[in-house]
Structures are given as structure tokens and as C-alpha cells.
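Below: one structure, written as C-alpha cells.
The values are calculated or read from the model by the stated rules, or taken from the named source; none is laboratory data. What you see is a predicted model; the values in this text were computed from it and never measured. Ideal geometry is used to build each Cβ from the backbone, glycine not excepted, and the neighbour counts take in all protein chains shown.
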Amino acid sequence: MARPLSLQARSLAAAGCVLAAFLALAFLALDNAFYSAAQSALHERLQGYMYAYLAAADTSRSGALIPPEIGPDPRFDRPTASGLYAAILGDRIAGSKAQQWRSPSAVDRELPFDEPLARGQSRFEGPLPSAVGTLYVLAQGVDWLTEAKTELHLTIYVAEDSTALDQQVVTFRRTLLFWLGILGTALLLLLLLVQRWSLAPLRRVAIDLAEVERGAQERLGGAYPRELSGLTTSIDNFIEGERERLKRYRNTLADLAHSLKTPLAVMRSQLENESDNRTLRWTVLEQVGRMDEIVAYQLSRAATSGHQTFATPLPIEPFAEEIVRSLEKVYAAKGVLCEFELAAAARFHGDQGDLMELLGNLLENAFKWARRRVVLTAEPIAGDQRPGLLLRIEDDGPGIAADQVEHLLQRGVRGDERVQGHGIGLSIVQDIVKAYRGELQVDRAPQLGGARFSVTLPAR
């Protein structure tokens, strides 16, 4: 598979395409504006030549037009193809039998000067093909009032070769392309620098991740922009969660190995010294049962998912109802009533198995010691990113002595050191709560009088 483009390459390619399109449109717009301005200047120049011819012309006593002897530009007076041409059409022109006068540059040349125009009518055309090349032609129809009080109708033509305008346009386009190319290159280099500066935090995140993978640092270091702070915080939490999970696995294996030493030593001692098969058989069965409890307890600890950065929020009520229905069947003879006080927004952000294990052990312990009533309360804890959870399980049983609470919740209580009457369930609850960075408190229920277990899972 082809390697995907980097973010910088993608951004630069997209910006390059947009910049190229913009510069192309700018080139077309400026070129069109310059061409229109050049044509407008040519039109004004031809109109100036026309007014100069009219100002230099005169009429005879008979009312005929006397054309000027010298044109407004020396090129009109050259007999060669000079690039400037003029003509006057009229019914009375002195010295002309064809009712048309032409400048020396236009004599004996096929030029588009043969269509008379009405008074006040003006026409500017071009570029038009002709025998002397492409021309821009300005024509104007005028009425001349002579000294004899008669009107003389004339049509004046002035034309200029398009070579000068074309050269201006070519020069302008070449210059425009040169400077737009320089501008585009400079903008791309500037954009590259801006992108490198903008993407520097992402490169720093990648470098820090590589350092974490090599073990050079434990977390992503440094202050990151606001847009990346959520991502880096989630990555840090994920890394920390994985480290805690690995540490929990190692501790569980170490505890399992340590817990199995005693029953294995007892069995070995009995096998080496005991001669009575019946006693040996009961000793082995007792130690095997003890080992089975230890293994079940340690496997439950190892299976705890623990704190998760990305977890689907789970509602409390459906899982609690499922557990309570099962416990009501087990403790049907006691007739225990379980009441729910669950907030609608209360959610558990974690693994479903952990929630079932947490509620199951706490509710089972409450059902075991309750006389008639058990109350389950769930409330959300406000947080910036996601809310926490407060769980309370209360019963009306005898409660737990204050001097036993500290020993019950102390760190490292193993399956072969549990408090009589509470089983290994509370140790599993303590492990789950610690895995989710929470807190477990045990005190006396103020209303029911029995034990109250409070589980606080912090918000983020």
C-alpha cells in the first residue's frame, strides 16, 4: 500500500492548488483589465488625432473641404505602411474627384474607409484584418457648417496598427507572470513556514510518544495548545491505565504465587509425614478447596478492567435490577426488600463486568446481613469532561464494628486473610474501586442502622 501523505504535505498541496487557482484568476482579471485600459487609451488617442484633423482642416469659398497638409503625427505623412492612417469621406472635398481624401500613409492601400456614417454616429472597431495588418479603426460622422452657410457632411476615419498595443499586452503579460510567479513562490514558502510552526505541537506529541515507548519518560511532557490538550490528556490517562493494569496483573500473579505456597507446603508436609490415608485425604481436599478459593479470588482481581479513558457510560438501574432479582431468589426466606434511589443521570464509565462485580458483591453482602431492608443509591458527580459516580448500599443489619473497618479495607488483604463472615467479595470490591481510582468508605447507615458502603468514582 502507498504511504499516505503527511498532514503538512496534504495542507501544502491543498493550499498550493488554491493559490494556483487564485493566481490564475488574478492573472486573467489583471490581463483583461490591462487590455481594456490599453484599448481605451488607443481609442482616446485616435479620437485626439481625429479632432486634430478637424481643427487643421478648412473650407474653400465654394464650400469644399480643404484637408490639412500635415497630419497630427509624422507617421500619417509617410507613404509607407507607417501604422497610422486617416481618411475623410464627403461629397465636396477640394482636389479629390473620388469624394474621398486619404493621408499619404493610406494612399493606394485597401483599408476599411468606405462606409459613410450619419451625423453624430461614432464607431470604434478592432482588431480588423486589412492589407497592411490588423487595425483599430475609429470613425465619426460630422456635419461641417461652411462660410457659405451650407452644411458639409463628412465621415472621418482614423486607424492605427495593432502592433503597438499587442506589444504592450505581451510585455505586460510577461511582467505579470514573472511577478505572480515570484509572489506565488514566496507565499508557498511562507505557508510552509507557517505550517511547520503550526504543526510543531503535533511533532512534539509524536516525539514525546516515542520517548514514552522507549521508556525515557513516563508521560507526555510539556504544555500543548488547547486543541491538543484533550488528546494528550486522554493519551496520558490511557498510558497510566495500561501501566496500572500491567502492575495489577503482576501483583495478582505475585499474590497468587504467595497465597498458594501455604496450602502446597501443607500438602507436601502431609504427603511426607502422614501415614493415615483418611487424614491425608481430608487434608488434601481441604487444601485443594482453599487453593480453589484463592485462584478464584485472584482471577477476579486480574479480570478487573479498571479505569478506562474511552468507555461507554452504562446505566445503573438495569444491572441492579438483574442482580437484585437473583439475590431475592437466593435469600427468599429472609424476605429482604431492596429499594432504589437512582438519579436519572447516574452512569458508570467502565466495563460492564466490573459494574456487575461491584454491585453484585456489595448487594450480596447487604442481603446476607440485612434483616428486612436494603437501599441502593446512585448519584452523578459533576465533571468537566465526564461525570463521576457515587454509589451507596445500606442495610438494616448489625453493621460492621469500627475497629474492623480499617482491617477490612487495608491494602493487600489476600484470600487467606479475609475477615470471617464477609468472604472475599469486599476485597474484590476494594480492588475494583482502586482500579478506577475511586474510594470505598464503610460506616454506619444513619437511618437503617446497619452497614453503609459508599463508593466514590471521581469525575474528569
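Taking region 60-134 as the region of interest, the strands (runs of 3 or more DSSP E) fully inside it that hold 2 or more residues being assigned by TED's automatic domain parsing to the domain that holds GLN47 and over 26 Å from TYR35 (Cα atoms) are 84-90, 100-102.
Among the conditions (1) basic (Lys, Arg); (2) loosely packed, with under 14 Cβ neighbours inside 10 Å; (3) over 17 Å from the mean Cα position of the chain (by Cα), ARG204 misses just one, which is (2). Taking the stated definitions as given, is LEU46 in the same structural domain as THR155 (by TED's automatic domain parsing), of a type in the set (A, V, I, L, M, F, W, C) and surrounded by fewer than 17 Cβ atoms within 10 Å (Cβ to Cβ)? Spelling it out, it is not the case that LEU46 is in the same structural domain as THR155 (by TED's automatic domain parsing), of a type in the set (A, V, I, L, M, F, W, C) and surrounded by fewer than 17 Cβ atoms within 10 Å (Cβ to Cβ). Is there a residue being touching a Ser or Thr at 6+ places or on another chain (Cβ under 7 Å) and closer than 26 Å to GLN385 by Cα anywhere in region 187-204? The answer is no, given that none of the residues of region 187-204 is touching a Ser or Thr at 6+ places or on another chain (Cβ under 7 Å) and closer than 26 Å to GLN385 by Cα. Of the listed requirements (1) free of Cβ contacts under 8 Å to residues at least 24 places away in the same chain; (2) surrounded by 13 or more Cβ atoms within 10 Å (Cβ to Cβ); (3) of a type in the set (Ser, Thr, Tyr), THR175 misses just one: (2). Restricting the search to strands (runs of 3 or more DSSP E) fully inside region 338-456 and requiring at least 1 residues that are at pLDDT 80 or above, over 30 Å from ASN251 (Cα atoms) and within 37 Å of the chain's Cα centre (by Cα) gives 373-381.
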